[in-house]
Every structure is written in C-alpha cells, then in structure tokens.
Amino acid sequence: MSERDLLLHVRIRRALEARIRSGQWGPGTRIPTEVQLCEEFGVSRITVQRALRDLADAGLIVRFRRRGSFVAQAIGQHNLLRFTGLLIQGAEMHGDHRVVAAQVLPARAARLRLPGVPDDEAVVQMERHKLNAAGKVINTELHVLPFRLAPDLLDQPLEPLTTHAYLRDRGVELVRARLYVEPYAVGQDEAELFGLASGTPVFRWTRETWTRRGEIAELLEEIVTPGSERFYVETDLSGSSDRH
C-alpha cells in the first residue's frame, strides 16, 4: 500500500470514528457499505477496507459477512493480545499518534537500554504521543530498536507506523514478545502533559520483542493513563475438554 493510500485510510478512519464518538452513529447503527464509503470519500475499496478493519480492531464496530458493519454496543475496549501479538497486522492499540522526536544515537545515550547491545552500537529512538478523538494526549510511547534491524525506519511515515509490522516487512523474524505491566506515579512534566495531578497513579507497560536468533528487536515503554478505555485478555477454552 502506498503512503498516499495509508494517509487516506487514516483520514477515513478518523472521520468515521468521529461520527461514532459524537453519537451521530449510535450503538447498533448500520454504517454505510464499502461501496457507499468508496463513493463518499472517492477512494479505492482496499483503502475503505483498511479503515473499517482498524475500526473493528479498536472495538468501535463489528463486521458480519453479508450483513455489513455495525457500531459496537460498547466502545473503548482493547484486547491486550494485540499489544504483544507478533502475527497481527495493523496497530496494536487504536488512536492517532503525534511524533515528538525520532533519531539515531549510541545505545548508551538512549532512554531505554537494549539488553545485549553494546554501548557504542547505533540504535533508533522514537518518541510518540497517543491522542484520543479530541486530540488530548492519553498515552506516551518510547521505542528503541537496534539500527542494524531498522536502518530506514526514520524514512517511514512514523505517525501510523506499527513497529512489529515494519520489522516483519524487513524480513526480521520475530518469535517472542513479553509485556510487563506495573503501577507508576506520573511526575510533574507528565502530569502537565496528561492534565493530571502530579503523583497520579497510572500504568507503565514495557514490551520486549525478540528475534529467532535470540536478539532483542525492540524495547517499548508506554505510559497508559486512566480513563474510559478498558483492556482485556480473552482465552479460547473451547477445546480444553478434549484434552481430558
């Protein structure tokens, strides 16, 4: 998909999300068909399908084969497995990004230290803010990757970039990701950024991603603020009885 198509898909997704969150399209509303959306926005069907897939991944709509797409009964729910899943395309969590900084620097100077990476090896560090539909900062992200695995990362459109998908597209074989979740109290700068009182408890997520060769591929730290969003993990137990 070209950069132009990607930007169009983001624009369409934002427009449809605004209609849902504003209440213009209430829970259970059947949204226009793919053909109708193609005509409205003047884009290809592939671009519309990408936008709808992102809305479905975010829990904002549900899609049924032959029946169409409908606004979900409960929005703002996110599957945590998307945040660690190595085979899932698209964003791990829904929302727009604002790129704060992106640079190449020695590993010793990075804000997160990559295990096993020498101090003088080059790494790529990218800091982004996650925004809600109103444009308010709700999460912060800090990515650090070895430069040898991501030499052209800074040449990519960074706002919509999903790092796992980027690495896979470059032929990096990812085999394991681990997510740590811990309580965290925001400092003064973070409190001002989020519009919270200093010391407010939030969550700090740290994700480690590893290659088949046992090398660290990425370290990501995300500060997640409290709010209306809900996160869940769902496990399929349907086959458990067959094992006994």
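The values are calculated or read from the model by the stated rules, or taken from the named source; none is laboratory data. Everything numeric here is computed off the predicted structure, so don't read it as measured data. We place every Cβ from the backbone using ideal geometry, glycine too, and count neighbours over all the protein chains shown. Side chains are part of the model used for accessible areas, which takes the heavy atoms of the whole protein and leaves out ligands, DNA and RNA. Shrake-Rupley method; radii C 1.70, N 1.55, O 1.52, S 1.80 Å.
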Which numbered condition Val10 fails, given (1) in contact (Cβ under 8 Å) with a residue 60 or more places away in the chain; (2) crowded, with 17+ Cβ neighbours inside 10 Å; (3) over 25 Å from Phe231 (Cα atoms); (4) aliphatic (A, V, I, L, M): (3)
Condition met for Gly76 (surrounded by 18 or more Cβ atoms within 10 Å (Cβ to Cβ) and at pLDDT below 85): no
Output for Cβ contacts, cut-off 9 Å, separation at least six or different chains, first residue over 17 Å from Glu182 (Cα atoms) in the range 215-244, second at pLDDT 80 or above and of a type in the set (S, T, N, Q), reads Ile216/Thr209; Ala217/Thr163; Ala217/Thr209; Ala217/Thr211; Glu218/Thr163; Glu218/Thr209
Are any of the residues in the range 118-132 open to solvent by less than 10 Å² (accessible area, probe 1.4 Å), of a type in the set (Val, Ile, Thr) and more than 19 Å from Trp205 (Cβ to Cβ)? yes
So is Glu190 more than 19 Å from Val100 (Cα to Cα) and acidic (Asp, Glu) or not? no
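Could you check, for the range 30-40, whether at least one of its residues is touching a strand residue (DSSP E or B) at 6+ places or on another chain (Cβ under 8 Å), open to solvent by 30 Å² or more (accessible area, probe 1.4 Å) and not in a helix (DSSP H, G or I)? Explain how you work it out, then say what you get.
Here is the first cut: in the range 30-40, the ones touching a strand residue (DSSP E or B) at 6+ places or on another chain (Cβ under 8 Å) are 30-31, 33.
The next check asks that each one be open to solvent by 30 Å² or more (accessible area, probe 1.4 Å); those that pass are 30, 33.
Add one more test, that the residue is not in a helix (DSSP H, G or I), and what stays is 30, 33.
So far as the range 30-40 goes, yes, one or more of its residues are touching a strand residue (DSSP E or B) at 6+ places or on another chain (Cβ under 8 Å), open to solvent by 30 Å² or more (accessible area, probe 1.4 Å) and not in a helix (DSSP H, G or I).
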If you go through the range 140-160 one residue at a time, how many are in contact with a helix residue (DSSP H, G or I) (Cβ under 9 Å, 6 or more places away or on another chain), farther than 19 Å from Arg213 by Cα and either of a type in the set (Asp, Glu) or touching a residue at least 12 places away in the same chain (Cβ under 8 Å) (or both)? 6
Filter the range 2-25 for residues that are modelled with pLDDT of 85 or more and not in a helix (DSSP H, G or I); which is nearest to Arg53 (Cα to Cα)? Trp25
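Would you check if there is a residue in the range 154-162 being part of a strand (DSSP E or B), of a type in the set (A, V, I, L, M, F, W, C), modelled with pLDDT of 95 or more and more than 30 Å from Gly23 (Cβ to Cβ)? Give the steps one after another, and end with the answer.
Step one: list which residues in the range 154-162 are part of a strand (DSSP E or B), which gives none.
Within the range 154-162, none of the residues are part of a strand (DSSP E or B), of a type in the set (A, V, I, L, M, F, W, C), modelled with pLDDT of 95 or more and more than 30 Å from Gly23 (Cβ to Cβ).
Can you tell me how many residues within the range 98-125 are over 29 Å from Ile20 (Cβ atoms) and in a strand (DSSP E or B)? Step through it out loud before you land on a result.
First, pick out the residues of the range 98-125 that are over 29 Å from Ile20 (Cβ atoms): 101-125.
Okay, now just the ones that are also in a strand (DSSP E or B), so 101-106, 122-125.
Of the residues in the range 98-125, 10 are over 29 Å from Ile20 (Cβ atoms) and in a strand (DSSP E or B).
Just the residues that are of a type outside the set (Gly, Ala, Ser) and either within 19 Å of the chain's Cα centre (by Cα) or part of a helix (DSSP H, G or I) (or both), please, taken from the range 183-200.
Residues satisfying the conditions are Gln188, Asp189, Glu190, Glu192, Leu193, Phe194.
Of all residues being β-branched (Val, Ile, Thr) and under 30 Å from Arg11 (Cα atoms) in the range 160-192, which is least open to solvent (accessible area, probe 1.4 Å)? Just the residue, please. Step through it out loud before you land on a result.
Within the range 160-192, the first condition is being β-branched (Val, Ile, Thr), and the residues that meet it are 162-163, 172, 175, 181, 186.
From the residues that got through so far, the ones that are under 30 Å from Arg11 (Cα atoms) too are 162-163, 172.
Working: Thr162: 19, Thr163: 2, Val172: 20 Å².
Only one residue fits best here, namely Thr163.
Working only within the range 139-149, note down all residues that are open to solvent by less than 40 Å² (accessible area, probe 1.4 Å) and either out of contact with any Lys or Arg (no Cβ under 9 Å at 6 or more places or on another chain) or assigned to a strand (DSSP E or B) (or both).
Restricting attention to the range 139-149, the residues satisfying the condition of being open to solvent by less than 40 Å² (accessible area, probe 1.4 Å) are 139-146, 149.
Asn139, Thr140, Glu141, Leu142, His143, Val144, Leu145, Pro146, listed by residue number.
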